[in-house]
Amino acid sequence: MSQETSLADLLHQPVRWRVVQALIGRSLTTGQLAELLPEVPTTTLYRHVGVLVKAGVLLVVEERRVRGAVERTYELNTAAADSDNATLDRDRLRTMFTVFIAGLAADFDRYLDRDDPDPVRDGVGFRQAALWLSDEEFEQFQARLTEAFEPFVEHRDAPGRTRRILSTTFIPDP
């Protein structure tokens, strides 16, 4: 990712945040992104995708000719977030967390705007739990959590599958 622009600064813009969220765990063309984000004007979407590509947040994983134009397929560059970690100060970390929470709230609003939201049927849930763990126990917990996810994170869109977003937050309680 570009040295002069932090991930927090890039994703503070709502359209960019929505693009990144849409690409979690999948590859999409700009046309597919436009279908998922119909309220975003096409020119605005292309501009923000370009900014994210230039910053290294999105990767072009495929290009193909379609009626004389080049159609690109994008994926998230998961290593981009790691480059920001070394330069996180309190303000940037607060901004990133605020953007994260705002994104969750927007996702939930979009869910509630559906024709027939049914939290039980749809498996909607949100909870907090306090865990008393030593640093070593916390590392073990994170490793086991990762092991639990591994068989499922490579799944792709298929009949009978619903894309579900899992968000986790670990905050030490002073």
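The values are calculated or read from the model by the stated rules, or taken from the named source; none is laboratory data. Every value quoted in this text rests on a predicted model; they were computed, and no experiment measured them. Glycine gets a Cβ as well: all are built from the backbone with ideal geometry, and neighbour counts include every protein chain shown. Each accessible area value is taken on the protein alone, full model and side chains, heavy atoms only, with ligands, DNA and RNA left out. Shrake-Rupley method; radii C 1.70, N 1.55, O 1.52, S 1.80 Å.
Looking across segment 10-21, the residues that are more than 16 Å from V60 (Cβ to Cβ) and either within 8 Å of the chain's Cα centre (by Cα) or among the charged types (D, E, K, R) (or both) come down to R16, W17, R18, Q21. Restricting attention to segment 102-122, the residues being open to solvent by less than 60 Å² (accessible area, probe 1.4 Å) and either modelled with pLDDT of 85 or more or acidic (D, E) (or both) number 5. In the set F152, F100, only one residue is assigned to a helix (DSSP H, G or I) and touching a residue at least 40 places away in the same chain (Cβ under 8 Å); that residue is F100.
From the list V57, V15, V40, V49, the one residue that fits, being closer than 26 Å to E150 by Cα, surrounded by 12 or more Cβ atoms within 10 Å (Cβ to Cβ) and of a type in the set (V, I, T), is V57.
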